[in-house]
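The values are calculated or read from the model by the stated rules, or taken from the named source; none is laboratory data. Model, not experiment: these values are computed from the prediction. A quick note on method: Cβ atoms are made from the backbone with ideal geometry, for glycine too, and the neighbour counts reach across all protein chains shown. When the accessible area is computed, the model is the full protein with side chains, heavy atoms only, and any ligands, DNA or RNA have been set aside. Shrake-Rupley method; radii C 1.70, N 1.55, O 1.52, S 1.80 Å.
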Amino acid sequence: MGISTTDFDYLRQLVHRHSAVVLDADKSYLAELHLQPIAESAGFAGIANLVSYLRSQPFNNLHIQTVEALVTNETSFFRDVYPFEALKQFVLPELLKKRAIERSLNIWCAACSHGQEPYSIAMLLHAHFPMLVNWSVRLIASDFSSKVLARARQGRYNQLEIKRGLPKNFCEQYFQKLDSEWQIHEEIRQMVEFRQINIVQPWSSLPQIDVIFLRNVLIYFDISTKKNLLNKVKQQLRPDGYLFLGSGETTINLDKSFERVQLDKSMCYRLHDPETR
């Protein structure tokens with residue numbers, strides 16, 4: 001039996017309240033697909049019984065599991081390729097010149113899911129910018145879900161995940177085969193600092209950032225949340241820093257502080273002027 005409209009509306013409100021993600025009304029199949037295992041594990045006969053419990057109880061770990069199960073965690077290594085090429089060919093060479101005296105660099109991957117994005121950047125840094133070994137480099141990766149962060153910290157992926165976007169030479173250089181899975185080398189794993197951060201809540205623990213990857217995140221939020229996020233980004237981004245969004249995302253009509261920059265086949269964003277911060 002499918003989930004009722006009333007129950008799914010409750011779940012949509014629960015997800016929005018705790019993650020700001022907007023679940024479309026026609027995505028009830030997501031609840032049917034992802035919540036049945038949670039219901040069974042918790043001892044409920046079905047999703048309806050699980051929802052009934054959630055409605056009647058204060059916010060607890062089962063609510064967290066439910067929200068995390070309904071939020072998309074789609075990602076892959078070097079997703080869309082071109083942003084990483086722009087990072088390698090344009091952004092990092094420029095920032096290395098500008099930061100030559102202070103010799104520090106901060107990169108943040110927000111909503112990192114299972115870690116493919118920050119590990120892609122870590123491998124890129126290791127392979128193409130060996131001079132950074134003597135710099136203070138912080139590669140911060142965050143997600144609101146403790147479950148996906150636990151997987152990301154492990155740095156272990158199945159064959160399908162490895163085949164999605166990871167160059168063969170990087171697989172050979174940076175991964176070790178363990179039975180049916182692949183383990184990223186400890187040297188690369190240690191380059192990434194994972195943190196649990198809900199991006200719709202305060203970011204007070206973050207340093208000023210040189211490059212922010214906020215890719216394929218805004219698409220899940222309503223207009224008000226997008227504007228609030230971009231306003232927070234411009235407070236966190238250094239005046240000459242770079243913001244990368246997903247290919248279907250933009251700051252246009254959301255925040256006039258940003259200008260769009262074309263770097264070969266990739267699009268990114270910078271602040272118009274430090275005075276706008």
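Taking amide H as placed 1.01 Å from N in the peptide plane, the amide H of TYR242 sits under 5 Å from that of VAL211, ILE212, each at least 5 places away or on another chain. ILE219: accessible area at probe 1.4 Å, nearest 10 Å²? Answer for ILE219: close to 90 Å² accessible.
Report relative contact order for the chain in percent, whole number only (criteria: Cα-Cα under 8 Å, sequence separation at least 6). Computed over the chain, the figure is 17 percent. Note that the stretch 183-192 has calculated 3J(HN,Hα) couplings of 9, 5, 4, 4, 4, 6, 4, 6, 6, 9 Hz, one per residue in order, obtained from phi through the Karplus relation 6.51 cos²θ - 1.76 cosθ + 1.60 (θ = phi - 60°); glycine and proline are x.
With only alpha-carbon atoms in the gyration tensor, what are the semi-axes of the equivalent ellipsoid for the stretch 61-174, in Å, largest first? Calculated on Cα positions only, the semi-axes equal 28, 18, 12 Å. The Cβ shell under 9 Å around SER113 holds other residues with a net charge of -2, Lys and Arg each +1, Asp and Glu each -1.
Provide the net charge surrounding PHE258, with neighbours chosen by a C-beta distance below 9 Å and charges set as Lys +1, Arg +1, Asp -1, Glu -1. Spell out each step's value before the answer.
Working: positive: LYS234, LYS256, ARG260, ARG270; negative: ASP255, GLU259.
Charge balance in the 9 Å sphere: +2.
Can you give me the C-alpha center-to-center distance between the stretch 119-176 and the stretch 14-66, rounded to a whole angstrom? The distance from the Cα centre of the stretch 119-176 to that of the stretch 14-66 comes to 31 Å. A cut-off of 5 Å between modelled amide H atoms, ignoring neighbours fewer than 5 places along the same chain, links ALA141 with CYS109, GLU193, PHE194, ARG195. Computed from backbone phi with θ = phi - 60° and the Karplus coefficients 6.51, -1.76 and 1.60, the 3J(HN,Hα) list for the stretch 162-171 is 5, 6, 7, x, 7, x, 4, 5, 6, 4 Hz; x is used for glycine and proline.
Counting Lys and Arg as +1 and Asp and Glu as -1, what is the net charge of the other residues whose Cβ lies under 12 Å from the Cβ of VAL67? Don't skip to the end; give the middle numbers.
Values: positive: ARG12, ARG17, LYS147; negative: GLU68.
In short, +2.
Considering only protein heavy atoms and a probe of 1.4 Å, how much of the accessible area of the chain is carbon and sulfur, as a whole percent? Of the solvent-accessible surface of the chain, carbon and sulfur hold 49 percent. Using a probe of 1.4 angstrom and keeping all protein chains present, the accessible surface of the chain works out to 49 square angstrom per residue.
Total lysine pairs in the stretch 146-277 at Cα distances under 30 Å, for residues eight or more apart or on different chains: 21. Counting only protein heavy atoms and using a 1.4 Å probe, the accessible area of LEU30 comes to about 30 Å². For the stretch 51-96, GluC sites (Glu not before Pro) are listed when DSSP marks them as loop and at most 12 other Cβ atoms sit within 10 Å of their Cβ; the list is GLU74.
Of LEU54, LEU178, the order by accessible heavy-atom surface (1.4 Å probe, DNA, RNA and ligands excluded), from most exposed downward, is LEU178, LEU54. Relative contact order for the stretch 16-162: what is it in percent, counting Cα pairs under 8 Å that are at least 6 residues apart? Here the relative contact order equals 22 percent.
Subtracting the Cα-Cα distance of GLU74 and HIS128 from their residue separation scaled by 0.36 nm leaves 16.8 nm.
Placing one equal scatterer on every Cα of the stretch 151-277 and applying the Debye formula, the log10 ratio I(q)/I(0) at q = 0.17 Å⁻¹ is -1.00.
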